[in-house]
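Nothing in this text is a laboratory measurement; each read-out follows from the coordinates by a stated rule. Quick caveat: nothing in here was measured; it's all calculated off a predicted structure. No Cβ is skipped: glycine too gets one built from the backbone with ideal geometry, and neighbour counts run over all protein chains shown.
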Ligand SMILES: [Zn+2]
């Protein structure tokens, strides 16, 4: 059974042949349940079959949306009967998964998620430049008043005001410098390793400022609820 992570529902799900009308090419040509093939055999040129590369449409059993399997087989295999599922090289469309940031303000979570998506599809320049924009968004979110100063001054101001730690300020500065570098040298390639480092630093800033404080307050609220429940239990048993 074919399965993949569906681009639409993001779940790993079974992929099955869509249900076709009886008048479809496939239904006429075969009695067994085959996914619909492209290029359509009625219109494809002969040279498009050698070496054979085709796209088969499947339906996701979780959400019902189509997922396309790219299948490559030799001409001999294509002539004989074969199971396309044994020859799937990849699934389309390629949908980057990104990263969820619970308890992080929507705008910041959205831009950081997009940074991860850029990295996943190998758009390293875009990832690094967007990471710098994410830092700018975080700085703006932390500021009490909108500021027209340069980003490095705004980071310094937040550090002095005790809004961010020196470690977070250093991390933000590192991303600012990397981002600046590529904004001014757009023809420079950016390697994957460097991109990964920038993204890890960005995630550590988000953890410091949003995720960790939110976890701490959740833990405090939990401890408070436990204490209250224990007090009530104690009072009950003393009655
Ligand atoms: Zn799905």
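In the stretch 107-182, the alpha-carbon atoms span a convex hull of 82 Å³ per residue. Taking 228, 163, 45 in turn, the Gaussian network model of the chain (Cα-Cα springs below 10 Å) assigns the largest fluctuation to 228. With Cα atoms as the point set, the stretch 134-239 shows a radius of gyration and Dmax of 20.9, 78 Å. Direction-averaged projected area, Cα convex hull, the stretch 171-211: 2.9 nm², rounded to one decimal. Each residue in 55, 209 was given a count of other beta-carbon atoms within 10 angstrom of its own, and listing them fewest first yields 55, 209. Rounded to 0.05, the FRET efficiency of the residue 165 and residue 77 pair, given R0 = 41 Å and the Cβ-Cβ distance, is 0.10. Rounded to the nearest 10 degrees, the angle from helix 151-160 to the longest Cα principal axis of the chain is 40 degrees. The stretch 171-216 and the stretch 66-138 have their alpha-carbon centroids 20 Å apart.
Return the FRET efficiency for the residue pair residue 145, residue 197: r is the Cβ-Cβ distance, R0 is 30 Å, and the value is rounded to the nearest 0.05.
That gives a FRET efficiency of 0.40.
Computed from Cα positions, the angle between helix 124-142 and the longest principal axis of the chain comes to roughly 30 degrees.
Stretching the chain fully between residue 14 and residue 224 yields a gain of 71.2 nm (0.36 nm per residue, less the alpha carbon separation). GNM on the chain, alpha-carbon springs under 10 angstrom: the most fluctuating residue among 195, 165, 74 is 74.
Is the chain best put as rounded, prolate or oblate by its Cα gyration tensor, with a ≥ b ≥ c the root eigenvalues, rounded for a/c under 1.5, and otherwise prolate when a/b is larger than b/c, oblate when not? Can you show the working numbers first?
Working: a/c = 3.99, a/b = 1.65, b/c = 2.43.
Since a/c reaches 1.5 but b/c is at least a/b, the shape of the chain is classed as oblate.
Compared with the dominant principal axis of the Cα atoms in the chain, helix 166-184 is inclined by about 50°. In the Gaussian network model of the chain, springs joining C-alpha atoms below 10 Å, which of 110, 211, 81 carries the largest mean-square fluctuation? Among 110, 211, 81, the largest GNM mean-square fluctuation belongs to 81.
Calculated from DSSP H runs of 4 or more alone, at -39500 (n - 2.57) each and per residue, what is the 222 nm mean residue ellipticity of the chain, nearest 500?
Working: 8 runs with 115 residues, N = 239.
Calculated mean residue ellipticity at 222 nm is -15500 deg cm²/dmol.
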